[in-house]
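Heads up, the thing below is written out as structure tokens.
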Amino acid sequence: MENIPSDIKEIINDAYPYIKEFNPAQKAVIESGYLENNENYIICIPTASGKTVLGVMAALQTILDGGKAVYLAPLLSIQNEKVKEFKKFEENDISVGKYPSNCDLSVMVFESFDRLTRLSWNHLREVDTLIIDEFHMIGEFTRGPTLEAAITRAKIINPSMRIISLSATLKNIEEIEEWMDGTCIEHDYRPIPLNKEVLDIEMLGTKNKNDAIVKILDKVISDDAQALSFVSTRRFTESLATHIAKKISKKITKEQRETFKEVSEKLLEVPKKKGSLATSTCLKLAECAEKGVVFHHAGLFNEQKEIIEDEFRKGNILMITATPSLMYGVNLPSKYVIIRDYTRWTSNGPQSIPVFDYEQMSGRAGRPQFDSVGYSYLIAKTFDEAYDLQERYVEGDIETTNSKLVDNKDAVYKQIIAQIDSGLSKDINDLKEFFEKTFYGFQMQNNPSMSLFAADSIQWELESSLEFLLKNDIINATPGGFRTTEFGKLIARSDYAVKTAVKIREYLSHIDSFNDSELIYALSQTPDMPLISFKGRKSKDPTREKLSKEGLFAVNIGNEEATTVSLIEWINERTEYEIEVAYHVYSASTRRSAYEASRLVKFVKETLEVLEDYRFLKDCDYLSARLYYGVKEDIIPLVVGVKRLGRKRARDLVKTFGNDLTSVSEKELQKIDGIGPKLAANIKKFVEN
Ligand SMILES: Nc1ncnc2c1ncn2[C@@H]1O[C@H](COP(=O)(O)OP(=O)(O)OP(=O)(O)O)[C@@H](O)[C@H]1O
């Protein structure tokens with residue numbers, strides 16, 4: 001650590017006492033003059049090689065010079081993890097938070113940074129260094145275009161800002177260097193050696209992949225280690241965990257059994273604390289956890305996912321079976337990674353995963369501070385398949401990182417609106433100039449086979465998009481150039497997809513009365529609603545029947561319909577357990593969907609105001625609150641007015657004492673299950689005011 005400034009060294013020593021010296025990859029970056037010059041950098045070093053601390057050092061240098069730094073993380077969960085990690089710098093008087101206006105170092109997700117580039121230029125101009133973690137996600141369909149456009153706009157508004165991109169290995173480095181106007185430092189050092197292999201089930205002497213994993217787990221257990229297994233769907237995470245739990249039951253020790261039991265109990269506590277009986281998913285999870293195996297997917301309660309991650313880190317879980325969503329996830333100490341499925345389910349059926357994703361999943365194995373070596377096993381069915389997979393994934397080249405901006409039409413609309421609304425672009429020529437500066441524009445102009453058509457192609461994309469935006473009254477053409485309409489302004493200020501806004505306005509334009517269920521159904525059909533999914537292939541008839549009872553007509557019954565019925569039940573105070581039993585859905589996601597639906601209803605209200613239609617504003621307020629709290633209308637004031645009361649206790653109160661609680665004493669209030677002296681006093685205070 002000799003060659004870094006002493007003030008930075010001191011802070012790094014305090015926050016990361018276990019870092020005694022930099023590894024060769026980190027040294028290569030530092031020795032290139034990283035902390036002396038102000039150039040943009042693209043740091044491409046392998047998984048687990050310690051990119052974060054490199055990003056942090058550039059940030060600290062800026063802050064110690066009196067500037068501000070922003071660290072971009074791809075997911076909310078990683079944002080929270082990084083804030084927690086960086087909070088240690090506060091001991092050295094460096095303020096850490098989530099927004100640059102009120103701290104020296106802020107951790108933002110791509111979308112909130114994009115917002116900063118659209119709406120808060122003064123704050124953006126105060127940022128001296130931008131660190132982009134997982135930069136390779138620029139090539140991802142949903143999040144990539146936002147990141148790409150945000151970088152482009154940030155470079156225009158704050159051209160002197162230094163940009164440090166942290167990435168896994170990239171193929172088209174030269175292209176990215178040129179677009180980012182930076183220097184790339186590449187290194188292949190990985191502190192923990194990673195052995196990547198393809199194993200076939202014949203070689204392991206088993207008949208199927210799940211039994212092959214049981215065999216591998218024998219090795220994991222004898223090595224006193226832990227494993228992470230990737231499969232393609234939620235359902236497979238559950239079936240694999242259940243299968244393994246049954247098979248390893250006899251192989252675990254008495255002590256392990258006790259530890260696993262504690263984890264299992266913690267997992268079961270979660271629904272209870274929410275006032276619901278354990279759903280069958282929870283019971284299955286707890287049963288597997290008793291044997292040291294758990295599944296991890298989006299259909300679990302967030303608190304359960306946190307317990308799983310914590311307990312796995314403590315060594316209290318042998319194996320997690322997960323969907324690929326965990327590949328960019330939190331830092332988990334897994335010596336072994338087993339990739340059972342190399343396909344992923346898409347709208348076009350199963351597709352092979354890219355080499356890039358294989359690398360990311362494998363990279364979860366063997367993490368510093370936990371292991372001295374890592375193993376990644378990809379499972380094949382036959383010897384021939386193993387040979388193919390070895391060639392494709394273990395020895396194969398990663399894919400080129402390409403812009404997805406125009407593949408994602410909504411992103412193009414959104415960026416045109418942002419440019420016009422912020423006054424950065426007034427006509428098609430300004431827009432063309434902006435799009436030419438994006439990674440998409442750059443790739444078009446620099447690709448020998450595309451450059452001839454680049455200008456025409458960008459022009460065509462813009463013309464067709466402008467036509468859509470004009471037709472939908474989102475922008476209008478004025479003598480002074482394009483302007484956003486009030487509706488366009490609303491979209492520009494929101495984080496919602498243009499498709500969502502258009503769908504909502506279309507819905508509102510033909511209603512004569514307000515219907516909660518109908519609106520929930522319309523919102524479930526927008527891309528911004530996190531959907532609640534069906535479990536397995538059980539009957540969908542109860543969903544169809546419920547929809548028809550609500551006067552809703554559906555041709556196909558899918559997750560949009562599952563979400564609609566679950567939310568209707570939620571606002572009628574049904575528990576997750578009841579919702580799961582009634583409709584066979586992953587009901588643990590109900591709260592998350594309800595929360596987003598509640599926000600969407602607020603957006604509906606804003607849309608109504610923009611349309612100068614004031615008939616249903618109160619209805620929107622009620623529905624938004626009902627979704628947020630999961631209650632019927634009559635107890636909204638109680639749950640809103642008394643902090644931490646919750647819907648179950650609020651309903652019990654009303655059932656016991658009626659709607660008027662003025663004459664009920666604090667002592668009497670405490671007769672309700674879960675109401676202690678403090679809560680009783682708060683209820684009293686609320687009632688008397
Ligand atoms: N020189 C070092 N010596 C010891 N530990 C280190 C060193 N540098 C970083 N670490 C630790 O190694 C772990 C992995 O680092 P980090 O999370 O930054 O990896 P990464 O390169 O971002 O990998 P990935 O892309 O796979 O997440 C962290 O706990 C980090 O604090």
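Yes/no matrix, rows are residues, columns are (1) surrounded by fewer than 19 Cβ atoms within 10 Å (Cβ to Cβ); (2) farther than 30 Å from T281 by Cβ; (3) acidic (D, E):
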site	(1), (2), (3)
T484	no, yes, no
T500	no, no, no
K503	yes, yes, no
Y507	yes, yes, no
N515	yes, yes, no
Y521	no, no, no
K535	no, no, no
Within the stretch 52-75, how many residues are over 20 Å from I151 (Cβ atoms) and in contact with a strand residue (DSSP E or B) (Cβ under 7 Å, 6 or more places away or on another chain)?
1
For the stretch 35-51, give me each residue that is in a loop (DSSP other than H, G, I, E, B), within 11 Å of the ligand (Cβ to nearest atom), under 22 Å from A69 (Cβ atoms) and of a type outside the set (A, V, I, L, M).
S49, G50
Of the conditions (1) within 30 Å of D512 (Cα to Cα); (2) outside any loop (DSSP other than H, G, I, E, B); (3) under 32 Å from the mean Cα position of the chain (by Cα), K648 clears all except one; give me its number.
(1)
Six or more apart or on different chains, Cβ atoms under 6 Å: show the pairs whose first residue is in the stretch 232-261 and closer than 17 Å to L283 by Cα and whose second is loosely packed, with under 14 Cβ neighbours inside 10 Å.
R235/G536
Of all residues in the stretch 354-373 being touching a helix residue (DSSP H, G or I) at 6+ places or on another chain (Cβ under 7 Å) and without any contact (Cβ under 8 Å) to a residue 60 or more places away in the chain, which is farthest from the ligand (Cβ to nearest atom)?
V355
List the pairs whose first member sits in the stretch 490-509 and is under 14 Å from S524 (Cα atoms), whose second member is acidic (D, E) and not in a helix (DSSP H, G or I), and whose Cβ atoms are under 6 Å apart, counting only residues at least 6 apart or on separate chains?
Y496/D528; A497/D528; T500/D528
Test result for S334, more than 20 Å from the chain's Cα centre (by Cα), closer than 25 Å to A380 by Cα and within 14 Å of the ligand (Cβ to nearest atom):
yes
Which residue out of L64, L35 is under 26 Å from T169 (Cβ atoms), in contact with a helix residue (DSSP H, G or I) (Cβ under 8 Å, 6 or more places away or on another chain) and assigned by TED's automatic domain parsing to the domain that holds K171?
L35
Give the residues of the stretch 505-526 that are in contact with an Asp or Glu (Cβ under 7 Å, 6 or more places away or on another chain) and assigned to a loop (DSSP other than H, G, I, E, B), sorted by residue number.
F514, Q525
Grab the strands (runs of 3 or more DSSP E) fully contained in the stretch 147-203, keeping just those with 1 or more residues being at pLDDT below 95, within 14 Å of the ligand (Cβ to nearest atom) and under 26 Å from Y342 (Cα atoms).
162-167, 194-200
Filter result for the condition that a residue is under 25 Å from the mean Cα position of the chain (by Cα) and in the same structural domain as I504 (by TED's automatic domain parsing), over Y595, Y622:
Y595
Does I4 meet the test of being not small (G, A, S) and not in a helix (DSSP H, G or I)?
yes
Please specify each residue of the stretch 52-69 satisfying the condition of being more than 15 Å from the ligand (Cβ to nearest atom) and surrounded by 17 or more Cβ atoms within 10 Å (Cβ to Cβ).
Q61, T62, I63, K68, A69
Just give me the residues in the stretch 13-34 being away from the ligand (no atom under 11 Å from the Cβ), assigned to a loop (DSSP other than H, G, I, E, B) and surrounded by fewer than 17 Cβ atoms within 10 Å (Cβ to Cβ), in sequence order.
S32, G33
Only unsatisfied item for I201, checking (1) within 30 Å of Q419 (Cβ to Cβ); (2) buried (at least 22 other Cβ atoms within 10 Å of the Cβ), is (1)
Of the conditions (1) farther than 26 Å from E39 by Cα; (2) within 12 Å of the ligand (Cβ to nearest atom), K87 satisfies every one except a single condition; which number is it?
(2)
Determine whether the stretch 501-510 contains at least one residue that is more than 24 Å from L405 (Cβ to Cβ), within 29 Å of the chain's Cα centre (by Cα) and of a type in the set (K, R).
yes
Among the candidates S101, S95, single out the residue that is touching a His at 6+ places or on another chain (Cβ under 8 Å) and surrounded by fewer than 17 Cβ atoms within 10 Å (Cβ to Cβ).
S101
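Yes/no matrix, rows are residues, columns are (1) at pLDDT below 95; (2) in the same structural domain as L268 (by TED's automatic domain parsing); (3) out of contact with any strand residue (DSSP E or B) (no Cβ under 8 Å at 6 or more places or on another chain):
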residue	(1), (2), (3)
F534	yes, no, no
K538	yes, no, yes
N556	yes, no, yes
T564	no, no, yes
E576	yes, no, yes
F603	no, no, yes
Which one of these does K546 not meet: (1) in contact (Cβ under 8 Å) with a residue 12 or more places away in the chain; (2) within 29 Å of R493 (Cβ to Cβ); (3) charged (D, E, K, R)?
(2)
Of F482, F468, the only residue that is touching a residue at least 40 places away in the same chain (Cβ under 8 Å), among the aromatic types (F, W, Y) and not in a strand (DSSP E or B) is F468
Please count how many residues of the stretch 527-550 are among the small types (G, A, S) and in a helix (DSSP H, G or I).
1
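The values are calculated or read from the model by the stated rules, or taken from the named source; none is laboratory data. Computed from a predicted model, the values in this text were never measured in an experiment. Cβ: placed from backbone, ideal geometry, glycine included. Neighbour counts: every protein chain shown.
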